[in-house]
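Readers should treat all values here as calculations from the given coordinates under stated rules, not as data from a laboratory. Quantities reported herein were computed from a predicted structural model and do not represent experimental measurements. Here Cβ is always computed from backbone atoms with ideal geometry, including for glycine, and neighbour counts include all displayed protein chains.
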Amino acid sequence: MIKGLAIMRRRQVVVRKEEPPRKTTTNSSLTITTVRYGECQRNHAASIGGYVVDGCREFMASGEEGTSGALACAACGCHRNFHRREVETE
């Protein structure tokens, strides 16, 4: 490992939701939703009236799951909310 570089891991959040059973069936269906965070959309020049993004292509958590570092991007330092959210439902 090069001094000063942190290990960057890709995070994927899977949310499982069980829908209520229908009257005609006895089995409930299972919906799997995968959430991925894409490029950073934070406007760094908003305070001076411009528009500049930093070019971060994908969210990479800077800490372990359950810590405050899990919400900060290791590449750009922005909060996860600044990254474009992509939701896939199966």
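Brief remarks follow.
- Remark on residue 83: its backbone amide H falls under 5 Å from those of 41, a criterion applied only to residues 5 or more positions apart or on other chains, H modelled at 1.01 Å from N.
- Local charge for residue 41 was computed over the other residues whose Cβ lies under 14 Å away, with Lys and Arg +1 and Asp and Glu -1, and equals +1.
- 3J(HN,Hα) from dihedral phi, region 35-44, Karplus parametrisation 6.51/-1.76/1.60, rounded to Hz, x for glycine, proline: 10, 10, 10, x, 5, 6, 10, 6, 8, 6
- Between the amide H of residue 61 and those of 9, 11, 74, distances stay under 5 Å, these residues lying 5 or more places away or on another chain, with hydrogens modeled in the peptide plane.
- Residues whose amide H falls under 5 Å from that of residue 78, counting only those 5 or more places apart or on a different chain, are 73, with hydrogens built in the peptide plane.
- ³J(HN,Hα), Karplus 6.51/-1.76/1.60, whole Hz, each residue of region 56-68, x for Gly, Pro: 5, 8, 7, 6, 10, 5, 8, x, 6, 4, x, 9, 5
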